Amino acid sequence: MEITTIEPIPLAHTLPAGLGDARGFGRDRATTLLRLETDTGLVGWGEAFVPGSIAEATIEELFAEDVVGMDPFDVESLAERSYTDPYHFGEAVFVQSVVSAIDVACWDLIGKEVGRPVHRLLGGRSVETLVPYASTMYFTETERPLAEPIEAAVAEGFTAAKIKIGTGVEEDEERVRTARDILGPDARLMVDMNGNYRPEQAVRSARAIAEYDVEWIEEPVPPENLSGYEEVKRHVETALAAGEAHYGRFEFKRLIDGAVDIVQPNLARCGGLSEARTIAKLATTENVGVRPHIWNSAVGLVAAVQFAASVPAYPHSRTAPDPMMVEFDRSENPMRTEILETPFDPSGGELAVPQEPGLGIEVDEDAVAELRADR
């Protein structure tokens with residue numbers, strides 16, 4: 001089996017109202033799907049979480065010549081080669097995003113060829129469901145009741161949620177208190193500061209919300225501020241998480257070596273399934289948790305679901321104190337809801353892991369065409 005075509009497909013969507021985090025607002029979402037086809041007629045899908053023009057140029061300049069004619073079963077050498085050829089470019093976000101798309105699409109092809117779902121190919125046990133958490137309570141440019149998004153998540157049956165904070169201690173405390181009151185005492189609650197604080201500010205906020213039983217604090221300081229993570233970790237008992245803005249095993253190794261308690265690789269940016277598996281092994285070695293970050297299209301979502309189902313349970317044996325959770329963005333996103341023949345349904349507190357070969361999805365190529373950024 002050889003890859004005969006590599007087709008990047010730029011997608012974009014404009015939100016009717018601004019949506020954001022502590023650092024700002026945005027209306028436009030963009031990503032790039034990757035469609036690989038083989039000489040046997042199989043099609044594999046991946047996603048590069050970067051705008052289409054960047055992905056297209058990176059593929060054409062650095063990867064197209066090597067990928068066309070490649071056996072998808074050679075996929076794990078791709079991530080390795082990306083650090084040395086092209087030399088000096090390997091850790092760049094655009095390179096790792098494109099590697100992610102090619103890697104995931106190859107694993108999709110391998111699974112289809114051998115008739116097994118990706119999570120089983122990665123060494124995971126057969127897993128039927130995971131626990132989704134609602135990623136919600138975004139900051140908006142329009143006024144709305146603070147409780148509304150959490151009430152919506154509870155109505156959908158979510159038993160876990162992550163909310164946006166990071167604009168000041170008093171507002172952080174109000175948002176967390178509101179979320180906890182609506183979710184109830186038994187639900188899992190996480191917060192995301194989106195790197196908007198200096199270490200001492202993050203520590204003050206963390207102490208103010210400690211009484212609300214927060215599971216983890218995501219990106220308390222900017223992703224490049226490694227010493228800041230270490231400083232916050234010294235003064236805060238709540239687990240720290242990061243990874244959405246980190247790329248490849250070497251950046252994650254620095255996080256794992258004492259900066260955070262949980263790493264969050266995004267499968268459309270971290271280097272794909274092959275690299276995420278390496279990151280998970282590094283994390284497991286240091287007894288650091290792994291929870292994938294997801295703010296992608298449906299293809300990036302299913303890649304994260306398949307990966308999450310494969311993550312080792314170590315150090316747990318018969319009993320796992322915490323379930324494997326996967327992020328489920330609750331903002332409007334037709335790139336997630338409209339491009340699959342059977343969209344994911346997170347309601348009821350469970351998310352089904354596809355059991356069909358490969359990623360286990362059927363992409364609606366007509367719907368993809370409607371969302372193309374270049375149409």
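The values are calculated or read from the model by the stated rules, or taken from the named source; none is laboratory data. These numbers were taken from a predicted model, which means no experiment stands behind them. In this analysis, Cβ positions are derived from the backbone assuming ideal geometry, glycine residues included, and neighbour counts consider all displayed protein chains. What goes into the accessible areas is simple: the full protein's heavy atoms, side chains included, and nothing from ligands, DNA or RNA. Shrake-Rupley method; radii C 1.70, N 1.55, O 1.52, S 1.80 Å.
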Any chance residue 138 is over 20 Å from residue 267 (Cβ atoms), touching a Lys or Arg at 6+ places or on another chain (Cβ under 7 Å) and among the hydroxyl-bearing types (Ser, Thr, Tyr): yes
Residue that is farthest from residue 91 (Cα to Cα) [pool: residues in the range 212-241 that are acidic (Asp, Glu) and more than 21 Å from the chain's Cα centre (by Cα)]: 213
Those residues of the range 134-154 that are among the charged types (D, E, K, R) and in contact with a Leu (Cβ under 9 Å, 6 or more places away or on another chain) come to a total of 1
Pairs where the first residue, in the range 278-305, is over 30 Å from residue 367 (Cα atoms) and the second is among the β-branched types (Val, Ile, Thr) and part of a helix (DSSP H, G or I), C-beta under 9 Å, 6+ apart: 279/256; 282/256; 283/256; 285/256; 286/256; 288/256; 290/279; 290/284
Which residue out of 304, 308 is surrounded by 24 or more Cβ atoms within 10 Å (Cβ to Cβ), within 14 Å of residue 101 (Cα to Cα) and in contact with a Leu (Cβ under 9 Å, 6 or more places away or on another chain)? 304
Answer yes or no: is there a residue in the range 326-341 that is open to solvent by 40 Å² or more (accessible area, probe 1.4 Å) and under 19 Å from residue 119 (Cα atoms). no
So for the range 61-70 (the condition being within 19 Å of the chain's Cα centre (by Cα), part of a helix (DSSP H, G or I) and either at pLDDT below 95 or surrounded by fewer than 14 Cβ atoms within 10 Å (Cβ to Cβ) (or both)), does at least one residue qualify? no
Subset of the range 15-60 (residues that are exposed (fewer than 14 other Cβ atoms within 10 Å of the Cβ), of a type in the set (A, V, I, L, M) and farther than 28 Å from residue 139 by Cα): 57
Go through the range 202-226 and give me each residue that's in a helix (DSSP H, G or I), in contact (Cβ under 8 Å) with a residue 12 or more places away in the chain and either open to solvent by 50 Å² or more (accessible area, probe 1.4 Å) or out of contact with any Pro (no Cβ under 6 Å at 6 or more places or on another chain) (or both). 203, 204, 205, 206, 207, 208, 209, 210, 212, 226
Residue list for the range 153-168, filter: of a type outside the set (Asp, Glu), surrounded by 15 or more Cβ atoms within 10 Å (Cβ to Cβ) and touching a residue at least 60 places away in the same chain (Cβ under 8 Å): 153, 158, 159, 160, 162, 164, 165, 166, 167
Of the residues in the range 110-151 that are of a type in the set (Gly, Ala, Ser) and open to solvent by 20 Å² or more (accessible area, probe 1.4 Å), the one that is nearest to residue 163 (Cα to Cα) is 147
When you scan the range 264-272, do you find a residue that is crowded, with 23+ Cβ neighbours inside 10 Å, free of Cβ contacts under 8 Å to residues at least 60 places away in the same chain, under 30 Å from residue 74 (Cβ atoms) and not polar (S, T, N, Q), even just one? yes
Selected residue [modelled with pLDDT of 95 or more and either in contact with a strand residue (DSSP E or B) (Cβ under 9 Å, 6 or more places away or on another chain) or under 19 Å from residue 327 (Cα atoms) (or both)] from 131, 169, 127: 131
Could you tell me whether any residue of the range 53-66 is in contact (Cβ under 8 Å) with a residue 60 or more places away in the chain, farther than 18 Å from residue 276 by Cα and polar (S, T, N, Q)? no
Output the qualifying pairs, or none if there are none: Cβ atoms under 9 angstrom, residues six or more apart or on different chains, first residue in the range 114-133 and touching a residue at least 60 places away in the same chain (Cβ under 8 Å), second residue acidic (Asp, Glu) and open to solvent by less than 30 Å² (accessible area, probe 1.4 Å). 118/108; 132/327; 133/327
Take the residues in the range 184-201 that are outside any loop (DSSP other than H, G, I, E, B) and touching a residue at least 60 places away in the same chain (Cβ under 8 Å); name whichever of them is farthest from residue 23 (Cα to Cα). 188
